[in-house]
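Data first, discussion second: the structure below is written as structure tokens.
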Amino acid sequence: MDGRKKELLKSLPKIDEVMLIIEKRGAFAETTRSIVKSACRSVVEGLRQEIMTKKNALDIRLPEEKQVADQVMEFIDSLHQYRLRRVVNATGVILHTNLGRAPLCAEALARIADVAAGYSNLEFDLEKGERGLRYNHVQRLLCELSGAEDALVVNNNAAAVLLVLNTLAQGREALVSRGELIEIGGEFRIPDVMEKSGTRLREVGTTNRTRLSDYEKGIGPETGLIMKVHTSNFRIVGFTEEAEIRELVALGKKHDVPVMHDLGSGCFTELDCYGLEREPTVCDVLETEVDVITFSGDKLLGGPQAGIILGKKDILQRIKKNPLNRALRIDKLTLAALEGTIYLRPGKAVSHLGVLRMLTEPVSDVSRRAKKLLAMLRKERFEGLTLSLKKGFSMAGGGALPTQEIPTMLISITSKQLSPGSLEESLRRPDVPIIARISDNEVLFDLRTIAEEEYSFIRDGLKYAMSS
Ligand SMILES: *Cc1c(COP(=O)(O)O)cnc(C)c1O
């Protein structure tokens, strides 16, 4: 290390002295000594890092202690800013796991506000005046809608899969096709979840072809469960074969082995009439008389994070009694939101739930909205920005309809001053950040995932990004 750097390190502000300045300003009244001390350490450590990493030590000017005290107070203020914030999803990926998957509908939000602001009958039976079960609130609605005998809701679908496996096949084998040993983003891997559930994985068939006879050969005295997993986020194409769920159900009955199907993204609404690929609905799958199915609440269902378990009464009773259920249980905010999300009429679901609305909006409507936003942005006369419309494709995301390209309209933005990468980064800095995608050296806003209520965020965000 050169002499100048050593000198700088020695003259770094002393934490005690900065603390003294802050104390004199009376700032301890609003916060605690230990918070101020740890903030001082962070700021001084930042300065130390700067000295260590800067190539040329002559470039560095250490701030005075008073300035360091200001920085410490700013640092403390910044801790109070909300970290979890609303953003605009301009990516065109409708179920974006990193952006919180499904936006909640107005009814779900209203239910949360109503139920959570005060006390609720979460575990209280209003008729009998005694202890009730939190699961009963949505159970009837789910059974009504799906035709299932019984229902249980847990924290998320990963928890649902874990709970079902643990209940039905702990210490025994579960048969799964080699083509279905999938990984979903965020470290959810079927073989790992199986191991944690205490179930032994028995792979059957091959990656691209698994026949009913492969399952039959795999069945033995150790078999506790036959499991089918929806290959949510990819497709195997070409020379492929898989056993139908109907066939697996018959096989299970013959050998007295329960059959579960992890649907991933359970959907109650027929989507093929909107020009989308045909995915079996929850009701279609239950009609096969499968013993138990699991799916997420925040994928195509369009609600809060939750894992929904539907199936035969005797099996659901066993699952409900599993002590693990207590650790995976759903909370009251989620229950309230879920009740506000489940629409018994499909037409209403499509018009009320953001996910379904975005998936099914005709491209002509998306284009009309794109023109409106474009006109609004052009009014701002942004210096050096070129804005234009462009056709493209959106994606369902969230492990639903993985090969479906949904036609959409994009606003393409190029800047004279900023590279696409810098522009995309600047757009993430406003109070309501805009998450855009880059393709062919252009920053793109996909109108399919942008609601009209968000246009002003885009205008203000772009202003902020261009001015900073
Ligand atoms: C998404 C998915 C999961 C995980 O669901 P979470 O709700 O994210 O826990 C499990 N299985 C399949 C097939 C999925 O698509």
Residue pairs within 6 Å by beta carbon, gap of at least six or interchain, first lying in region 290-309 and not assigned by TED's automatic domain parsing to the domain that holds Gly399, second among the basic types (Lys, Arg), listed first then second, are Asp291/Lys312; Asp298/Arg101
Against the definition (in a helix (DSSP H, G or I), touching a residue at least 40 places away in the same chain (Cβ under 8 Å), within 16 Å of the ligand (Cβ to nearest atom) and on the phi < 0 side of the Ramachandran plot), how does Ala158 come out, yes or no? yes
From the options Ala116, Ala106, residue that is touching a residue at least 12 places away in the same chain (Cβ under 8 Å) and within 29 Å of Lys321 (Cβ to Cβ): Ala116
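Yes or no, residue by residue, for (1) in contact with a Ser or Thr (Cβ under 8 Å, 6 or more places away or on another chain); (2) in a loop (DSSP other than H, G, I, E, B); (3) modelled with pLDDT of 90 or more:
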| residue | (1), (2), (3) |
| --- | --- |
| Leu62 | yes, yes, no |
| Ala69 | no, no, yes |
| Ile76 | yes, no, no |
| Leu79 | no, no, no |
| Leu84 | no, yes, yes |
| Thr91 | yes, yes, yes |
| Ile94 | yes, no, yes |
| Asn98 | no, no, yes |
What residue, of Thr207, Thr167, is more than 16 Å from the ligand (Cβ to nearest atom), assigned by TED's automatic domain parsing to the domain that holds Leu248 and assigned to a helix (DSSP H, G or I)? Thr167
Take the conditions among the polar types (S, T, N, Q) and within 30 Å of Leu99 (Cβ to Cβ) and apply them to Asn233. Does it pass? yes
The condition from (1) part of a strand (DSSP E or B); (2) within 13 Å of Asn89 (Cα to Cα) that Lys390 misses is numbered (2)
Quickly run through region 87-117 and pick out the residues that are more than 15 Å from the ligand (Cβ to nearest atom), surrounded by fewer than 14 Cβ atoms within 10 Å (Cβ to Cβ) and farther than 19 Å from Lys348 by Cβ. Ala113, Asp114, Ala117
Mind listing just one residue for me: the one in region 232-251 that is part of a loop (DSSP other than H, G, I, E, B) and without any contact (Cβ under 8 Å) to a residue 60 or more places away in the chain and, of those, nearest to the ligand (Cβ to nearest atom)? Ile236
Among the residues of region 375-382, are any surrounded by 15 or more Cβ atoms within 10 Å (Cβ to Cβ) and either in the same structural domain as Glu277 (by TED's automatic domain parsing) or farther than 21 Å from Glu405 by Cβ (or both)? yes
Considering only region 6-54, how many residues are among the hydroxyl-bearing types (Ser, Thr, Tyr) and touching a residue at least 12 places away in the same chain (Cβ under 8 Å)? 3
Determine which member of the set Glu425, Glu452 is touching a residue at least 60 places away in the same chain (Cβ under 8 Å), surrounded by fewer than 19 Cβ atoms within 10 Å (Cβ to Cβ) and more than 30 Å from Val229 (Cβ to Cβ). Glu452
Selection from region 133-155 of residues that are hydrophobic (A, V, I, L, M, F, W, C), closer than 20 Å to Gln305 by Cβ and either within 12 Å of the ligand (Cβ to nearest atom) or free of Cβ contacts under 8 Å to residues at least 24 places away in the same chain (or both): Val153, Val154
Extreme residue, surrounded by the fewest Cβ atoms within 10 Å (Cβ to Cβ), among residues of region 33-80 that are among the polar types (S, T, N, Q) and within 36 Å of the chain's Cα centre (by Cα): Ser34
Give the residue that is surrounded by the most Cβ atoms within 10 Å (Cβ to Cβ), with candidates limited to residues of region 181-226 that are among the acidic types (Asp, Glu) and more than 31 Å from the chain's Cα centre (by Cα). Asp214
Condition set assigned to a strand (DSSP E or B) and within 12 Å of the ligand (Cβ to nearest atom), scope region 177-197, selection farthest from Gly398 (Cα to Cα): answer is Arg189
Could you tell me whether any residue of region 217-230 is of a type in the set (A, V, I, L, M), closer than 22 Å to Thr281 by Cα, out of contact with any helix residue (DSSP H, G or I) (no Cβ under 7 Å at 6 or more places or on another chain) and more than 16 Å from the ligand (Cβ to nearest atom)? no
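The values are calculated or read from the model by the stated rules, or taken from the named source; none is laboratory data. The structure presented is a predicted model; accordingly, all values stated were derived computationally and were not measured. Note that we place each Cβ from the backbone using ideal geometry, even for glycine, and neighbour counts take in every protein chain shown.
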